[in-house]
Amino acid sequence: MLKPILLVEDNPHDLELTLIALEKSQLANEVIVVRDGAEALDYLYSRGEYATRQKGNPAVVLLDLKLPKVDGLEVLREIRGADGLRSLPVVMLTSSREEQDLIRSYELNVNAYVVKPVDFKEFVRAISDLGIFWAVLNEPPPGSQRYVRPQN
Amino acid sequence: MTSSTPQVNPTFDLSSCEQEPIRTPGSIQPHGFVLALDATGRVVQASDNLVQHLGKPPAAVLGGTLADAIGAPAAAALQPELQDERVRERPSFAATIRLSEKDHCCFDVLAHRYDTLLMLEFEAMTRAGAADFRHLYPLVGDFLQQLNDSDTIEQMSRTAADEIRTVTGFGRVLVYKFDEEGHGHVLAESNDGSLPSYLGQRFPASDIPKQARELYAANRIRLISDANYTPARLVPPVNPLTGAPNDLSFAALRSVSPIHLQYMRNMGTLASMSVSLMVKGRLWGLISCHNAAACHIPFDKRTACEQLGQILALRITSREDADELQFRLEVRRVMVSVLAGLTQGADFIENMGSVFPELLQFARAGGAAVAVDDRILRYGDTPDESQVRALIGWLDQHTHGDLYHTDRLVEHYLPAGAFLHCASGLLAMPISRIHKHYLLWFRPEFVHTVDWAGNPHAKEAPPDAPRQLSPRTSFATWRETIHGRSAPWHPGEIEMALEFRTALLGIALERAEQMAELAEELGRANKELEAFSYSVSHDLRAPLRHIVGFSDLLLEAAGNDTLDKRQRFLKNIKESARLAGKLVDDLLSFSQMGRASLRPVRVNMNELVRSCVDKLTLDTQGRHVQWHVGDLPEIVADPTFIQLALYNLLSNAVKFTSQRDPAIIRVDGRRDGTETVFDVSDNGVGFNMDYVHKLFGVFQRLHRMEDFQGTGIGLANVRRIVERHGGRVSATSSGGHGATFTFTIPNTLPSA
């Protein structure tokens, strides 16, 4: 099985469009959706709702910058400070192209920073490129494991 | 500068008088005698005219007691008056004594302790009784009664002169004031006609040497009874206790300079008396009394005159204070109204122009000018603009400090000779510490004549003239016409001007603070704007993106089965949404353009153009576009910004050639002196040159929306980028036959 993609997105429209885009890219990877930073961390640390999930890190985290509760930068900082998560690929997926956001993300060693294109075709292409690169082409760090769908 | 001819033989430089030892003449006037006692009461020095007054030579009394010298009864009468605490540095009246029964003559005895000795001065009197001070009080009372509060200094001086002439019987009493240069100016005169009048005349400063002035200040009254006197020597000739010549500064009988006696004889006055007028600790002037014949004024009357002089000095002090206060109040009143006027508007120099009349009044000037940066504003009677400019240049070079003033500019600044009539006097106030900003007041020439009692220009004597020490011999009026001077600047005006300057700098400072506040406010507004643009970029883009996305999905899903109308609506939604998104992006990059700092590096323009063309191929798919790119020179610039500018220009060209087949787009570049010039030209629709000035403005569109899409920010971005590099943009078009956009980048970037 392929490693899952962790999508952190609070906006339902963005979520839907992103899922459609991933679908259009015909990636076979499972997409785990969490709706805010806290939930993302719960997933990554396998705690709370995700305490029983299959061990292993996702292939990539697609992380929205603006999030309720714990925002994208804080999630990124947490990941980079945690032993088992430090080398996890994280892509900032955001509407903001503000320089300060870019700088802060790169200071926290983000793997990529992608501004969501306005044009849907471009959006689909961007998401598809991302998915293919990180979920298929990229050789993930040791510790990432094939995904097994959790039993509800 | 003098128009009249001196009628007298050249007089000689009397400045050597300053070396005369007037405090230690070694002799006394012979109308009395002196006995000097040491601390034990022994006579250690006596004047050699003892023989005339006492019938014995000094040798007969030296070493003995006072009683030995003047007899026991007289000594006994004096003794109680000679207690230590009673006798000070200034002579005080001790007693009137008679030395022998058969003699009519008696002596007023004055005692003072100075220069280690107890000096007893015996002034011979013709009257029989003791000195009587009782008439002193009515005299002083009378004088005070005659004075009115409203009297001018001249009027008060006249009253004092009359009073003193009455008391002393002198033929002529003058009251004169020293000006700043030390010349004496006769303010008041009381004259019985026996001597010529000197009212209004001036005595040159050299008439009274410096050390004489100091003595006048120390010892307030001096009498010379007879200018023909033969001085009586002190025996021994030096103070036996100090071994140095006696300091007779306070001795009433002190002998005066032979030069002065000659001066008196030349002047035709055998007796003279002067009373010092001390105002605020300074020798303000003198009451100078003259008599054609010799005449002695006894101590009591002298005391009365001294008192009167002190009262006059006090009245002068208060009068001057009151006048000064009045003057300052008036100047201040004007200053306040000037300052009020200055704060009215925003432009300092224009405000200054509006208060010119008050400015003139403030400094009692005939003309004024203000110079700020290169602007010079003149008002009233002033030198012309180029003269003012030159004068400011000179001031800037040669004056330092808060204020420069002169009532004789031409003596310091020769070119002022060209505008004496309006600017003999100058008050210049620098109103900036950094720039050559000045406020100038001009005072016109005040041509006046001075009547000198003798030629004051003693130094004009021929250099080969004998330089013997000799007073001048003529006091005939010598009239001088003064040119190149203005009315003098009053100290109150100077002080007020300084205060005014402080206030002005205060205003300037306040203005600077306001500017700082404004800048701070702008900074805040800018921050808000950034926040705004951030939220526009981030929050507004999202829904727009959604509209586009869902429209696309809808369009896809609808396929051919859906109504055309519905499709068209959806298409419209999509297009407008896309445009809105692009607008936001462009706005954001435009606002970033102003803030982001340039990171200039060497830029290969050929590569840059190639990458832009690659990016544009999507837009030109299905079109026939010919790119003609010359061999472009390298530049030093911020590559990201330059690429954006270039991309904007090229996409513009692509856009406006959409109806051409083939579309021809050229990019050329060349070095041109200090800059590199690039042209982007096309064969598109071009634009109307009437609107060329609008072309590079934000949100300016020269075409209909349905024909060519665009947010109208692209060219504004181009201009901003190029100007931040220190270059220029321009565009030309011959409507319908394409357009050429040109931009330049300097070979050396501005340091900013």
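The values are calculated or read from the model by the stated rules, or taken from the named source; none is laboratory data. Here the structure is a predicted model, which means the values were calculated and not measured. In this analysis, Cβ positions are derived from the backbone assuming ideal geometry, glycine residues included, and neighbour counts consider all displayed protein chains. Ligands, DNA and RNA are stripped out before the accessible areas are found, and what is left, the full protein with its side chains, is counted by its heavy atoms. Shrake-Rupley method; radii C 1.70, N 1.55, O 1.52, S 1.80 Å.
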Any residue in region B:634-654 that is β-branched (Val, Ile, Thr) sitting within a Cβ distance under 7 Å of a residue that is assigned to a helix (DSSP H, G or I)? List the pairs, counting only those 6 or more apart or interchain. B:ILE635/B:MET605; B:ILE642/B:LEU608; B:ILE642/B:ILE721; B:VAL654/B:LEU616
Just to be sure before I move on: is B:ALA94 among the hydrophobic types (A, V, I, L, M, F, W, C), at pLDDT 75 or above and either part of a strand (DSSP E or B) or open to solvent by 20 Å² or more (accessible area, probe 1.4 Å) (or both) in the structure I sent? yes
Restricting the search to region B:660-675, which residues are β-branched (Val, Ile, Thr) and surrounded by 11 or more Cβ atoms within 10 Å (Cβ to Cβ)? B:ILE664, B:ILE665, B:VAL667
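One line per residue, one yes/no per condition, for (1) under 25 Å from B:ALA251 (Cα atoms); (2) assigned to a helix (DSSP H, G or I); (3) of a type in the set (A, V, I, L, M, F, W, C); (4) touching a residue at least 60 places away in the same chain (Cβ under 8 Å):
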| site | (1), (2), (3), (4) |
| --- | --- |
| B:ALA124 | yes, no, yes, yes |
| B:ASN148 | no, no, no, no |
| B:SER157 | no, yes, no, yes |
| B:ILE164 | yes, yes, yes, yes |
Could you list, ordered by first residue, the pairs with Cβ atoms under 8 Å in which the first is in region B:48-62 and without any contact (Cβ under 8 Å) to a residue 24 or more places away in the chain and open to solvent by less than 40 Å² (accessible area, probe 1.4 Å) and the second is part of a loop (DSSP other than H, G, I, E, B) and basic (Lys, Arg), at least 6 apart or interchain? B:LEU50/B:LYS56
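Every residue, every condition in (1) among the β-branched types (Val, Ile, Thr); (2) outside any helix (DSSP H, G or I); (3) open to solvent by 40 Å² or more (accessible area, probe 1.4 Å); (4) within 14 Å of B:SER486 (Cα to Cα), yes or no:
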position	(1), (2), (3), (4)
B:ALA365	no, yes, no, yes
B:ALA371	no, yes, no, no
B:ARG389	no, no, yes, no
B:LEU395	no, no, no, no
B:GLU411	no, no, yes, yes
B:ALA418	no, no, yes, no
B:ILE434	yes, yes, yes, no
Those residues that are crowded, with 24+ Cβ neighbours inside 10 Å and away from chain B (no Cβ under 14 Å), I need them from region A:63-75; list them, please. A:LEU63, A:VAL75
Sole residue being over 46 Å from the mean Cα position of the chain (by Cα), at pLDDT 90 or above and within 22 Å of B:VAL109 (Cβ to Cβ), chosen from B:LEU270, B:LEU241: B:LEU241
Over region A:24-49, the set of residues open to solvent by less than 40 Å² (accessible area, probe 1.4 Å) and in contact (Cβ under 8 Å) with a residue 60 or more places away in the chain is A:SER25, A:LEU27, A:ASN29
From (1) within 14 Å of chain B (Cβ to nearest Cβ); (2) surrounded by fewer than 15 Cβ atoms within 10 Å (Cβ to Cβ); (3) touching a residue at least 12 places away in the same chain (Cβ under 8 Å); (4) not basic (Lys, Arg), pick out the condition that doesn't hold for A:ASP101. (2)
So which residues in region A:89-98 are within 14 Å of chain B (Cβ to nearest Cβ) and at pLDDT 85 or above, if there are any at all? A:MET92, A:LEU93
So for region B:199-220 (the condition being over 41 Å from the mean Cα position of the chain (by Cα) and not hydrophobic (A, V, I, L, M, F, W, C)), does at least one residue qualify? no
Somewhere in region B:495-518, is a residue modelled with pLDDT under 70 and of a type in the set (A, V, I, L, M)? no
Restricting attention to region B:610-633, report how many residues are in contact with a Lys or Arg (Cβ under 6 Å, 6 or more places away or on another chain) and surrounded by fewer than 13 Cβ atoms within 10 Å (Cβ to Cβ). 1
If we ask which residues in region B:633-684 are among the aromatic types (Phe, Trp, Tyr) and within 58 Å of the chain's Cα centre (by Cα), their number turns out to be 2
From the list B:LEU78, B:LEU117, B:LEU35, exactly one residue is open to solvent by less than 30 Å² (accessible area, probe 1.4 Å) and free of Cβ contacts under 8 Å to residues at least 60 places away in the same chain. Which is it? B:LEU78
